[in-house]
Structure formats: structure tokens, C-alpha cells
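Note sheet for the following structure.
We did not get these values from a lab; they are worked out from the coordinates using the rules stated. Model, not experiment: these values are computed from the prediction. Positions of Cβ are backbone-derived with ideal geometry, glycine not excepted, and every protein chain shown enters the neighbour counts.
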């Protein structure tokens, strides 16, 4: 990598211009917890690294009337420490918090986790379950806001064009009796990539019946899977044994995993059902308590 | 091969250095600044032996570029003791025999110190999860956890809580 | 013989190298720099098995900044020669070919060339410019696949030894070993119950956190300095001398602090290569392995097949035992199948035993020792099978072991007769420990297992120097991997009668202390401790002589008490006691410096025994296993520094738990290692483990001045079976293939449920 260059732009448009005009391969650096590993192993050989952390607004959390605005490069430790997010979106906080170790948490960002586009990314299922959006900056002053699930298109691939990068995430404030949960399965208790991940976001009415839901699986397909059938299994129902069974089955049907050094197809499929049930139970309990 | 000039603060002292873009903060500490206390165990952020504290947050120096240090405040293992006065975590590691080969020890001490900076009353479980990113192959973690909990007790007493 | 009234031995002082290690000042292998130093990097094979057709280094040599490039051609050709090295034989031709591949590469990661350049970046670029042409050959990794008659052959000149008639066809089976006692056929006829089971394990790595590293400087006149972290500076010296054809006296090896070894650093990988590069470049060369290189290019433990057959009476007496072991040696022969055979039944007194073991080469890195090498594998099988037998017979598993326990006077199947052993005591202690009776909840289970390691003695040298101010310096030759330095100082302080912190231990380089065998085999506290003690005792003799001179009486009339020379009774004279410091001060006028050096070949290492209790909780829906509680009971002889003995026990247990649950080498279909990093090679993290309770039983070893026995290796032997037995207790499911990872356990539980449903 003898010709690697580094830039730390101070504005969004400066960053866009550097990225768009880069002659070779340019990579955005937020927390670097994926990028530097790939640099070191030789898997990625960029010519230019663009650090976005010095752009105002890229790090920080703002609570507005109807939404949270999270800077794209905000490290996990800030997200976990945010009282509002912890209260309103414990599932998103859980998911972010599970990315690696305490040390990783000091750096890892939602943008990095999303754009690295590992199917097993821990923050993504709950963020997608929350129906969050993300603002993409691009050439010519362009700013477009898209659902988070529009970004990853396959393992290691995103829909971003040359010169584009993420600047902030918008997470709508939850309704009354709306809450979420994220669970993942790993062989140890920490430090592993998710074998299966599941984010569930539910909205209940006063009687505890589900009126809206999103169930998102991670690590069981090339990108996250929004399991429409699982949501339908929940909507209109309380979380009784029947609903759980249908939820489990729907999750298993939606899972399209591979067998690799972390798990087999059979195993991941079964555990998708297990985690969907368990995450739903937690989300329901939390939603009822709000 | 052009180098970047970086000005930063390490262990309370202003520091300047030149480095290439691909050099990690760990490379800079060890190979440019002679601060070899932070160790390279894996260079992929999985072992924590390279842990440093940046602006109060513990992180892996192998996952940070040397050029990123500009303007930040960095603490390494070399800055944990105050002169010849050991930090309670360091003292308790010695008393509890919480090290055998000692290679993971700098990273563990930095991470443990970062824990006690934000939580002076961690439970055993909280301590174990906080330190999950620091691999140790010699001790089985038992005496490490005891040392950290004991250091917390000492620090609580000193703070009068 | 326990010595009462000890003042230092048995206490828990702070280790003398401790402060350096907690402030980051201690210098490990990669922390050294030498003026003018170059950076070395190794080119490694991407193929599991291939012939090297050509190596073109011209582009690498031409790259500005590159100062040396070496291949096997730069190393002398070594004839096949076997030397006994502690716990396993070492063939120097194989070692040379392992450090640098000759005509063939035998595993993914095998070194084929190396460069030295003025920066790490240039060295990395140069490595990529080396063009190696391979003829890829079919590969074989699994031990039984490698034994099959049509398996790809790794070495055309390897013929199975230990079989008659001598084979004429080359084989991957390097060696057949074994022994018998009594008559197993008759024994099995007598048996009322027979159980036959098969167990399998995958290769696991020692996974020390410090990658291999060295800085080496070869001068034009042939004298070399090597700074490296290893388990033995004399081993490094000997191996480098052999591999490069250098006189031993021309090599000085300075031991860095070592960041974990567990047996994996009892041989060399980098030092001979760095020497060759340094010789060519005329400058010092530093080579540090990356974590990936450690996994791909250094020796893990053997993957294995263990087949156990036990015949017993209904009352629990085992009357016949058979064991068949197949161990993966990796690219070159030398798996620890021998010790595996020896240790499997060592804790039991069995009348009829037949053990057969095979050492098998296959296309993965050459095996290196890993803590009680060979024993964890065979004990996983035997201790699991004993558990299955206990359930069959409806006898408590500890009781079953008690019934068959080896005691003082038992003649083992592998030869020696035991004296002064503490096995039964560990079983008793387990039975009586509150852990064994603690209640268990749903999905929870408890397992027990025992373990044995023979421990070694061997050659050690130590020197004790009295300094002018009455402090003492102890020089010994063993790298300190677990706190041994503290124990050396403690033993010397005890003998000299002075405070512990007035004795400073030093781990000397190869030019500063006599020959010392490496740190391994749980030998240091025993053998080097013996040498240190003897050196201190010789010093005491000299101190008494000097006091006699000062008092002008006979040396026989002087006693040494608590750091003072005192007259031996009123007849000797009415003299005030002379402190060591006072005698030291006068040493110039009484004959010169007071010091002693001792070189011994320590015999009488006492074997170690352990019995462990493990509680687990299983999540049946995910197959996740949580270790709830662990108690490790071990006969430690005498704990010189109890904290470090506890540390050895806890560390070995943690490694065994990792081996049981999640650690394994995973290969893809091309024989490439798929998990060469700490992300997917899963060692236990802090949140995976509970507190580990070590219970130390002291049955002193009479052959050691303070009763010490080796303690470091036994603890890794029982955990795999203890965990598997606990899982069987919790789920009814017997797992016979390691690791017991969640997908495997869940699949086994599902299959078990299906079977139940079908019946």
C-alpha cells in the first residue's frame, strides 16, 4: 500500500468532491473497525482514505420533536450512553452495543456497520425494524433520504454511487406502546459475528394486541431480510403460543442462509425461529410497559 | 512515499510525529514513538492487547490510523501510573497475581482503568463483559476479575463512597 | 517431606518482574530494536500440498530497499537425525524443512522464501514480487483419510516404523507405538460388562497472545546475537547452530520476556530464517509473525481419533482396557501419540491393558507441543468412556475412579511404579467438596474427569551470587512463562535466610549461565528450583566457612540460622551472630567473591494428578453451553508460590474448556485454513468463564528440596471430558466429537428427539 493517501475534509461537500474526484479507489473512514482490518489483511487496497469524522454533524445525536438524528460516524459508545435512545429504542441500542468489544464500541458507527454490508451486521436489523431512514450526500450538492434497507445490496456491496456517502440517520420517535428488541446468537458470549440476528419492532394497542410490526432477520441471507409474513403473524394478535408458533415458522421460511465456519443452513434456519420468538417476547413486554 | 505530520497529546505530553497513511496508531506508538507497552496480538481488533484510551474511550490502537490522532488526547499503558505511583488496578494486578506471561496485561489494565473511570461499582458480570475484548490465554480470567473488583473497592473507599 | 517453619516458600509475595509488566516496560520479542535493523517478512505457500517447481526472486531483489532474499537454497542440507527433546523427538532435517520448504510445500502457510528490507511496507511488497511456481498435488488432512491406502503421500521416504515386516511402500503412517500389560483377551472374557466407544477431536492451537518474534544480528565473523521470545534460549541456540551449521559458542541467545508458549514456542520458526537474512544483508533483521501467520504457519495440537474399550465387573472393577489412538502429526512426523498412550490409564490400576497408537502425517502445520501434549486427547476419550461405564453400572463416577485408582506402589501399564502420588486424594477431595453436592436446576448438569501428566526434570543450571551489600542475585536459564522467577527467588531466600526482596532473580542469556533445558514439561520449579536451591546451599557452606575464618574457628563449628552465621553451641565460642551482609562486606578479605553455580540433571520429577468437577447449563434450542461452575483439584506437591500454582490450574482449565466447546481448525476444500484469526478461532473470553476454584492438595515430592512437583500441564487434561460428561448429564446426549459447538449440539439433540419420537 505504498501509495495510500489520507484526507480529512471539514465539510460534506468537500468530502463529496474528494470522493467523486478520486482517481483510484477511495474509502470512507468512520470508526475504521472494518476498514482497517481489511486494509491490514490485504482484502482491500484503496488509494485514498477519507475520514469523515471532522465534518460537523457526522458525530453526535440530536433529539428532535418527532425523530432522533444520529450522525453517521457516531461511535457506538455514544449511542449506548444516550438516555433517550435507550428508553425509546433499546433494541437499536442493544444491536449497536453488540458490535464487538468495548474497544470496538469506542469507534464503530452505524454508517460503517451498514456500508460494510456484512449480512451479519448487528446494528442493522433493529434500525431497519424501526423504519429508519438515512441521508445520502452526493455530487452536485445532492441530498437524498432513503430507507436504511436500501443501502446494502449484497455482502460487501451497497447502492451508493461514486462520490456518495452517508451523513445522518433519522429514527422516528416511537408511538405509545411501541418498542423493539434485538437478539443474536453467537457461540461464545461476546466477540463473535452473529450466526443469526433478529430485530423486532412492535406497536401494541391498549389491550396488548399488536397493531403494527416489523421483523428483520440478519445473517441468514445476502442482506437483512424483512420478514413480511412474520409481521403478519403478529399483527392483530397477542403473543400467545399459536402466534409464537406461526412467527417461528415464518422466520424459518424466510431464512435463506449458507453453511460456513459459523453455522450450518439447518442450524441457522432453526435458530431464526428461536430468536424471532424470543425477540418478539421482549419487544412485546417492553411495548406494553411504555 | 509522502508522510503526514501529526500533532497530538499522549499521556499528557504534546507529541509530534511523521507517519504514512497506512500506519496504525499502534504502529506509530511502537515503531515511531518507542512506546512499546501497547502490544500487537492480532492486528484485527480481536484481542485488545493494543488498547489505548482516546478522549476517554478505550479502543484498539490497531484499528485507528496514526493520522487520526491529530488534536486528540491519548492515554497508553505508559501513562497509567503517575510517576512511580501505580494506579490501583496495577497494584491489584500484582497483589492478585492477575498476570502470568504479562503480554495481555497492558491492554487489560488500560481497559480496566477505562471501566473504573465510568463505573466504580461494577458487578462481576459487568466487568467480564467490559473486558471481553481483552483476550488472555494464561490466567482463565479469574484473578484478573478479582483484581479489578478489588481495585474498584479501593477506589470507592478513596473517593469516600 | 513437608518442612515446617518455612518463612518464604508457601507465601504470596509480589513477583519481581511484576511492576515492569504492569507498566508496559517489560520487553517482549517484538519490543527490541537494534541499530541498522531491517524488517523481515516470510512468503508462505497458499497450497496445502504442492511441489515447488521454481522460485524467482529477481524482482524482489531488484526492489529498492530490499537487502536480502533467502530460500531453502540458503540453508545447509541436513541429514535426517533424531534427537530427544523433552516430551517428543525432533528430526533436524524436518525442522529445517519446516522453517523453509525444500522441494515441497506441505501445508497452507508453509514458508517458502523470506526477504529483509528497510521498512515493513517494502518487505511486504517484496514478498509479493517473489514468483513461486507450484505443481499442486492432492492433499489430505483428516487423520484417518491420511492413513487410507490410497491417500496422497507426503513423504516418499517415510515408511511406517514399529511394524513387522518392515514396509516397502511409503506411507503417511510414520510410526506405530504401544504397549501391553497382562492379557486383555482373557480380561475381556472375565468382564461382566463391556463398553466400546469412539471419540474424535480437531486440531487446536495454543493461541498464545504474543505472536512469534525475534531480532537477530549475524556478524561477518560468524558470531550471532539472537533476541527472541521462546521457551528456551538454549534450545534456540542449539537449533540455530544445527540448522545453519554454526558453532554453538558463536551464538548468543538473549531471552525476551515471552508472551505465552504452552509448548508452542519450544521450537524455532523465525530465528534460523532471520539469521540467514542477517548474514546475507550484513545487518540485524527483525521478524514478527502476524496473527494469521501464527495460525497458518505454526504447530497446533493433533487432531485425533480415540477408540476405547473397557471391560468391567458389575462392582466397578475394570478388568481389561484397550485403547487405539490415531494422532495427526501435521507435515512431519512427531505427534505426541506416545505420551497420549502413556497418560490415558495412568491414574488407574488395571490388570490387563493394550494400547496402540499411530503417528500420522497430513497436510497441516507440523504439530507442536501443547500443554501435556497428547494427554488431553486420550483422556477425553477414556474419561468420557469411564463416565458412560459408570452410568451403565449405576455407580457414581467418582466412586468408579476410586475403585480403580492407582496408589503408591501401583505398577503402571507404561512401566514405572508410583511412589508418593496423590491421585486418590484428589478423588476424595472431589467427593467431599460442596460443589459435588450443590443442587442443579433445569437444563443443568455435572461432570467429573481425572487427568495425569508425568512431568519431567532434566538439565538445569543456576548461579547464586552474593553482592557486596548482602543482597543476592540468582541467575537461571528458564524463560518465565508463569511466575517461576518469583519461585526461584523464594527458594533462594528461604535457604539463605534473607528477605525475599533482597534476592533478585535474573533469566540469563546463553553466555551467562550454564546449559539449561527449556521451559516445558512442568519442570522449572522442580528442576531449576533444585539447581537454585543447591546453588544457595553451596553459598551457605561458603558463608559458614568465611564466618569461621573471621572467628578463627573450624567451619564445622558454624551453623546458619535465619540469615546469620552462629556458633554451633557454647563450645564453639561466644561470638555475636554474623549477618550475611556483614560477611559479604568482608568477603574481599576472606577469600574473594562468594558465589556458586550448579549444573544438574534433575531426576525424580513427581507426576501430577487431578480431578475436576464441572457444571454446565445448556440452552436446548440453540445448543449453547454455559459453564456455571468449575472446581479443579490437583496434587501440587508443594505450592512454592500458591498464587502462581492456582494460576496454572485456572489457565489450563480455561484452555481445556475452549478445546471442548469452540476451538478447532477449519479447513476449506482446498486445504486452506478458513479461520486463521481470533475472530473465528474462538478462545474463551472473560464473559465465557466463571470463577475457577483451584483446590491444591499437597503430597510432597520427596525428591525436591521443598517437595515441589510440576503443576502446569495436568490442568488441561480433564476439562474436555468434564465438560462432555456435564453436557451428557444435562441433556442425556453424549457428545463424542470435539468441539461441542452449538450447531453440533443442537443437531444431536434434535436427532435424539427424533429417535425418541420414532421409538
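If you model the range C:291-380 as an ellipsoid using its alpha carbon gyration tensor, with each semi-axis the square root of five times an eigenvalue, the axes come out at 31, 12, 9 Å, biggest first. Compactness of the range A:178-289 is given as radius of gyration and Dmax, 13.5, 45 Å, from Cα positions. What's log10 of I(q)/I(0) for the range B:4-79 at q = 0.20, 0.21 Å⁻¹, Debye sum over Cα points only, no solvent? Debye curve over Cα of the range B:4-79, log10 I(q)/I(0) at q = 0.20, 0.21 Å⁻¹: -0.75, -0.84. What the Kirkwood sum gives for the range C:500-649 is a hydrodynamic radius of 19.7 Å, with every pair of different alpha carbons counted. Per residue of chain A, what 222 nm ellipticity follows from adding -39500 (n - 2.57) for every DSSP H run with n ≥ 4, rounded to the nearest 500? Helix contribution divided over all residues of chain A: -9500 deg cm²/dmol. In chain C, the convex hull through the Cα atoms has an average projected area of 36.0 nm², a quarter of its surface area. Could you work out the relative contact order of chain C? I mean the mean sequence separation of Cα pairs under 8 Å and 6+ apart, divided by the number of residues, in percent. Relative contact order for chain C comes out at 15 percent. Listed peptides C:402-411, C:601-610 appear in the order C:601-610, C:402-411 once ranked by packing, highest mean of other Cβ atoms within 10 Å at the front. Taking every alpha-carbon pair in the range C:560-618 and binning the separations at 5 Å intervals from zero gives 4, 11, 11, 12, 10, 9, 8, 8, 7, 6, 5, 4, 3, 2, 1 percent.
Within 10 Å of each Cβ in peptide C:207-215, how many partner chain Cβ atoms are there on average? Round it to a whole number, please.
Across C:207-215, the average partner-chain Cβ count within 10 Å equals 5.
Comparing Cα centroids, the range C:637-653 and the range A:182-224 end up 44 angstrom apart. Each 10 Å bin from zero up to the one holding the largest Cα-Cα distance in chain A carries the following percent of pairs: 7, 29, 34, 21, 7, 1, 0. Pick out which of A:253, A:40, A:268 has the largest mean-square fluctuation in a Gaussian network model of chain A, springs linking Cα atoms closer than 10 Å. The residue with the greatest mean-square fluctuation here is A:40.
Taking the Cα atoms only, what angle lies between the long axis of helix B:142-158 and the longest principal axis of chain B, rounded to 10 degrees? It is inclined by approximately 80 degrees.
As a check on your grasp of the helix formula, calculate [θ] at 222 nm for chain C: sum -39500 (n - 2.57) over DSSP H runs of n ≥ 4, divide by the residue count, round to the nearest 500.
Value at 222 nm, helices only: -8500 deg cm²/dmol.
To the nearest whole percent, what portion of all C-alpha pairs in the protein assembly as shown is separated by more than 56 angstrom?
The answer is 19 percent, as a whole percent.
Set the Cα radius of gyration of the range A:1-85 against 2.2 N^0.38 Å, with N its number of residues, and you get 1.26. By the beta-carbon count within 10 Å of each Cβ, the least crowded to most crowded order of C:99, C:214, fewest first, is C:99, C:214. Expressed per residue, the C-alpha convex hull volume of chain B stands at 108 Å³.
Taking each DSSP H run with n ≥ 4 as -39500 (n - 2.57) and averaging over every residue of chain B yields -9000 deg cm²/dmol at 222 nm. Computed extension gain for residue A:258 through residue A:67, at 0.36 nm per residue and net of the alpha carbon distance, reaches 65.1 nm.
When only alpha carbons are used to place a centre, the range C:385-435 and the range B:1-55 end up 54 Å from one another. The range C:239-272 and the range B:99-145 have their alpha-carbon centroids 32 Å apart. Annotation: peptides C:592-598, B:100-106, ranked by per-residue average of other Cβ atoms within 10 Å with the highest first, follow the order B:100-106, C:592-598. Choose one answer from A:271, A:216, A:200: the residue with the largest mean-square fluctuation in a GNM of chain A with alpha-carbon springs under 10 Å. Looking only at A:271, A:216, A:200, the biggest GNM fluctuation is shown by A:271. Compute the Cα gyration tensor for the range A:97-183, then decide on rounded, prolate or oblate, letting a ≥ b ≥ c be the square roots of its eigenvalues: rounded whenever a/c is under 1.5, prolate when a/b is larger than b/c in the other cases, and oblate in all that remain. The shape class here is oblate. Listed from fewest to most Cβ neighbours within 10 Å, the set C:417, C:590, A:133, C:510 follows the order C:417, C:590, A:133, C:510.
Panel order for B:25, C:32, by other beta carbons found within 10 Å of each beta carbon, from fewest to most: C:32, B:25. Beyond 21 Å, what share of the Cα-Cα pairs of the range B:88-158 is found? Please give it as a whole percent. Result for the distance tail: 11 percent.
For the residues of A:260-267, the average number of beta carbons from a partner chain within 10 Å of their own beta carbon is 5.
Can you pull the mean other chain C-beta count within 10 Å for peptide B:104-112?
Other-chain Cβ atoms within 10 Å of each residue's Cβ, averaged: 4.
Over the range A:5-51, the pair-distance histogram of Cα-Cα distances with 10 Å bins from zero comes to 28, 54, 18, 0 percent, rounded to whole numbers.
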